[in-house]
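Each value in this text was obtained by applying a stated rule to the coordinates, not by laboratory testing. Computed from a predicted structure; not experimentally measured. Virtual Cβ from ideal backbone geometry, glycine too; neighbours counted across all protein chains shown.
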Amino acid sequence: MQADLGEARASVTRRSINESALWGDVFEIAAKSGILSFLKAEGVLSDKRPELVPWTGTSFGRVIEHFSEFYRRSLQESVDLGKSYLEHLTFIGWTTGYTVMREWWKKSGLRGRAGKLTLVGLWSPLEFPDRSEISKNVSAVEKATAYAEGRDRRVRDFLSAFSLSQEELKDPLILARKGMPAQADFMIILEEKRRPERAHLVCVEFSLLTPAVLKDFKKEDAHLEEVRSHVYSMSRRGVFSDLSAQIADVDISISEDIPRFMEAFTRSDKPLYKLMQASSYLSNMVDILPRYERINTTAIAMTNDGVEAISGVLDRRKSSSGTFSLMQALGKAYATKTTADAKFDTYLEDVYAALVRGVPRVLRKPLETFFSSTGAKKKSSAQIEEAVTDYLRPTQRFSVAEALKWLKASCVSAQGIPLQDYLHPDALKPSLEEASRDGGVTIRDLNSAVIESTINNAPAGRITAVGLLGHPGIGKTTSTIKSLRNLNRASGENSLFLYFSPRTVINESVTQDVTKRAGPNGEGEVDAISLNTSYRLIGAAADYAREKERDTKGRPSSAVAYSCSFTSSDTGHSPVPPDGETSCLYLTMSEADEAMKHTKNPGGLRGYDHAASVRSMTSDRQKSVMETLAQACRDVAVMNPEIPIISGTAAIQGMRRSSRQAQASVAKLASIFGKAPKGCSQDTPGARARIRQERINFAKSRPVIVVMIDELAGDGAGAPMAEALAECLYDALIRPFEGAKTASPFRVILLLADASLSSPEAFNSFLSSTGGDECEGRNPARVLLSPKTASVPFSIKNIGIRSLSSVAGIPFVTLVSADAYPASSLSLCYDLGLRVVDARQDPTLVTHKLIKKIFSESDILDSVSRIQRELSQTPENEQIIYYAQDRKHLAEIKAELVERKVLGVEDICSITSELSPEKKRRLTDPGYQGPGSRDSYRLFLMTSAGARGISLPLATTIMVKVPRFSIEAALMEIIQVIYRGRGGYVDSQGIFASGDDLARRLIFCIDDYVRTDDEGKVAELQWARQKIDVVTVLSILRGLS
């Protein structure tokens, strides 16, 4: 008897198919209720809507009745467990539904726009299907009759919900077939009142993965166990399983093999399947809504295993493309999917074979080996190498006639926005002929000619914007500085050059480059003053002034470092204000290094008051970087009206928080050109007249304003900063003269540079998505991919950028693209690795820490072995770069190499954010030959903090460890890393040589792991998925490189 009772209790705690469906009903009803609650709270819905009548009269008690009907024959213990799970699942479902709909609302830009939308249709059926065991005993005829009645009722209700007449459809019952919209769980259409031809269409599908054994959620253990199960599920996912990529100007399609292999990719309760389902409903729904020219569609899959969504725009005036075509393909795959009897292993073999067929021939054999290994083998690896031949070198020379052909091709391909006259081949020909030597010109010469022609000929009274997309090392900044010098020589015009980038080492280098003394080509003959500041330097000002007893006549609130191409004796006065004259402390470059090195409170808002008798915490407001730079540039410009070039540089990391913060900070730069009138509105005629006069006075000595944002994609602040700077320049230099008799005297050039945005499509996508509230104005992290469309290595194109046009009246941006790589020959190598990590090895460690420890240890050993292999193959007089995004990982590699006596400490240079300013300068100074010089190392261990702004011409082997966190940003950063091997060096005979003419190998190391379950086994499906993820990353890297 006791055994029978135990068996009965066991049977009621394990899930039957009907019981799982019951809990799915509960989750769906609760989630729908949450969605409807949000729509009501936002003002879209009212209780008077007929579709809400069933919901308005429904309470939690109705759900309990549905539950009780199923459990009426169950033991009381099972009923109690079920009720506790019911309450918990209702709460989870409601909050998930409310949250998901709120996030869609925000991301669709509908926040605060409820009054501008009309609810055209709502489909949210409230259903309580019979899940009892008794329902199994009905006859086939009864089932068919019930199905037909339910189908007919569902179609009538659906047509009524969207005000569709049966006459509009040839066969209304088709709406209830598989993949058709009447089968949807939830659907809503919102129409724009001002533009009724536009609408928003959303479809949500629900699914619930029920636990095998119910827990009592009145107890803490049940909640803890649920959280642990989610953690376990997340820990089993590979780090490469979720990558954000944006593909421009490409029609996305789904392989015809996908429907056949669907069993190997998803199950009916998984997000991908539900996403396909919702995509099918949406794709078919838009066909019966012809009155809308443009529909913003979103398919959402809501499961307790995750929430996935895909959005696309249907524009009937254009052919389907982008994500909507992907949604159509997903919907078609769902509609055609059939249940097959083939075994899972057979599916996988077919999937692998299809993937291998789809890659270039050189990759096929290694990938076949990689895919053939099973989880039981504990490791799967592959080494792939391919030679790249279709590229040019930056030092390669072409005849002027050939270069002019490339420029003519740009003029022919210009659609809608023709190129400016000063960028036509005839206008650039004299500059190219002058630069021609040794048989022709290089791509660098072309790039320089375009920049110089723009700076010389940009019209006054407007902002001329240029996007410099050339590869790293092409000379974007160098050409800009050279052009400003040549401008002063030719016309006598003075300029203000403001330079921003996310890397302090680059900013300091530019500060010194602007003020270089005369070189062999006379590049330093024009006098210049360069200013540089940072948040850290500003924070160090007070401590340094006190320590050095500078006569500041009070506590300095800011500091800048300065460099000059001349001495005080040359001009008879100091180029910067003396101590105490302003609240800003002016330091030489060496003094600035010392201040930041020894200060007790670098860059902090808080610190101890250093008065001898006081030890209290203070929180004085620290001046911002932009405010400090503006004050310094203004003061130095007023003191030195005759100096041809005044430059200011600063880092932009401080703007990464939000676009509003960028706008507020950058707006302070306007004070360079004159102080705003106090005590009155700037919009009064008198105030505007005073502002115009101040601007005119400034332009008399400095009419050319060049502002450059370099490494635009190197930080989340890039796009917000570009938009804010454009608006600031417009408001300060252009807007005051609008409607006035006097035109603006300024020629303003805005240069936006980044090699990572290697195509016009990628550049446009980056600047057009500064983000909304959901990402706080930052660029969303994603990989930007676009097809290679340029048939020539150098091109110019004008494109419109809406964000810049709206805030600064910039009609178009001139994009300058250059494609070359610094190597005489180039090999791409891919080192793939996937290993099994046994989570049971050390029971004293928490599981995730154990996994990290085990993988990290084996990863370091693998990395050291790879480096040793490359050291043996790389000539002694050449260098190796090993890039990884983890400083600890690099430190452990260095320790392991030294311990094994592979290399000495003096042979290894770590380039991270911890690198001292002195060491940074040594590495960026090709002329330095002392200890720690650039060319004295054998191995560089580098993070992204050192990836930009440093040239290592002898680095012929570049190893890239594909990062396992912030993957999207890091993949874009890799474009910068692979260009570090460039520039010039002095060979063993003392002769200058170009590193661009050395052979190079790029090695991409892609590693991941699969963790075992509690029994030490590996799920073959998980093993297969992560192998495919690794190959996906390989494909992305090939696209980027």
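7 Å from Cα along Cα→Cβ at both A999 and Q693: what's the point-to-point distance in nm?
7.2
How do 727-739, 191-203 rank on mean C-beta neighbours within 10 Å, highest first?
Details: 727-739: 19.3, 191-203: 17.2.
The most tightly packed comes first, giving 727-739, 191-203.
Give me the distance in nm between label points sitting 7 Å out from Cα along the Cα-to-Cβ direction at T99 and R317, one decimal.
4.0
Subtracting the Cα-Cα distance from 0.36 nm times the residue separation, let me have the gained length for E434 to F91 in nm, one decimal.
Between E434 and F91, full extension yields an extra 116.0 nm.
Give me the lysines in straight-line cross-link reach of K623: C-alpha distance below 16 Å, same-chain residues under 8 apart excluded.
Qualifying lysines at Cα under 16 Å: K668.
Once you have the Cα-Cα distance between A895 and E293, take 0.36 nm times their residue separation minus that, and quote the gain in nm to one decimal.
Result: 210.4 nm gained on full extension.
Among K365, K894, rank each residue by its count of other Cβ atoms within 10 Å, from fewest to most, as a rough exposure measure.
On the way: K365 12, K894 19.
By the 10 Å Cβ count, ascending, the order reads K365, K894.
So which of K700/K741; K48/K106; K215/K274 end up more than 20 Å apart, counting from Cα to Cα?
K48/K106; K215/K274
In nm, give the distance between the simple-model label positions of E857 and Q989, each being 7 Å from the Cα along the Cα-to-Cβ direction.
Label at E857, label at Q989, 5.3 nm between them.
Would you mind getting me the FRET efficiency between T389 and A740? Use the beta-carbon distance for r and R0 = 56 Å, nearest 0.05.
In this case the efficiency is close to 0.45.
Which order do the peptides 978-988, 291-301, 111-121, 399-409 take when ranked by the mean count of other beta-carbon atoms within 10 Å per residue, highest first?
291-301, 978-988, 399-409, 111-121
So if R0 is 41 Å, what FRET efficiency would T118 and V227 give, r being the distance between their Cβ atoms, rounded to the nearest 0.05?
For R0 = 41 Å, the calculated efficiency reads 0.45.
What's the FRET efficiency of T346 with A1019 using the Cβ-Cβ distance as r and R₀ = 22 Å, to the nearest 0.05?
0.80
Under the 0.36 nm per residue contour assumption, what length would be gained going from the current alpha-carbon distance of R195 and L126 to full extension?
Numbers: separation 69, 0.36 × 69 = 24.84 nm, distance 3.20 nm.
Gain on stretching R195 to L126: 21.6 nm.
Among the listed pairs K961/K1027; K170/K193; K378/K901; K32/K318; K597/K894, which are separated by more than 28 Å between their Cα atoms?
Beyond 28 Å between Cα atoms: K170/K193; K378/K901; K32/K318.
If we count other beta carbons within 10 Å of each Cβ, what is the order of S865, S756, fewest first?
Numbers: S865 10, S756 25.
Least to most surrounded, the residues fall as S865, S756.
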